[in-house]
């Protein structure tokens, strides 16, 4: 059910996702919703945000494992996000952003889940950038920029029905990653 909630929130947003839609998409018995999520839709959405963040951190780790540079990681992360958006026919956004935009002020739990999710993604990206040779402060700054740029590209790409926003921010931030690591190996 969490996976179904995550998918629906990515496609329709928080307010556009009804518990009945989650039940239908997951093919779970309706009564199981109240068993697994006694706090209802808010709890389900918070768990979907946590799940989305875990998935993103796993993806960052996987991409970093197959990247030989910070630039390569940044390029690969944007490529993955771009492919997901294009592959969904410009229908799938982030599972966390709608909680911030639509429900953050309504629910302390969703506000906390959103902060937790974005912090996990930023921390995961920063850690891997450090491993790939970017200094601590610069890695943190670049990680913030990468996650924020992907979020912005998801929105603008969906609105424009074009991958161009991903391409633009990928170029700028991959170049920045390269600049931050040039000469690092020779200076050690």
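The values are calculated or read from the model by the stated rules, or taken from the named source; none is laboratory data. Given the structure is predicted, the values throughout are model-derived calculations rather than measurements. All Cβ positions, glycine included, derive from the backbone under ideal geometry; neighbour counts span all protein chains shown.
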Restricting to region 51-83, name every residue that is buried (at least 18 other Cβ atoms within 10 Å of the Cβ) and under 29 Å from residue 22 (Cα atoms).
52, 53, 56, 57, 60, 77, 78, 81, 82
Given the structure, is residue 161 under 18 Å from residue 63 (Cα atoms), at pLDDT 95 or above and either surrounded by fewer than 18 Cβ atoms within 10 Å (Cβ to Cβ) or out of contact with any helix residue (DSSP H, G or I) (no Cβ under 6 Å at 6 or more places or on another chain) (or both)?
no
Taking helices (runs of 4 or more DSSP H) that do not extend beyond region 113-188, which have at least 3 residues that are within 18 Å of residue 90 (Cα to Cα) and in contact (Cβ under 8 Å) with a residue 24 or more places away in the chain?
136-160, 164-181
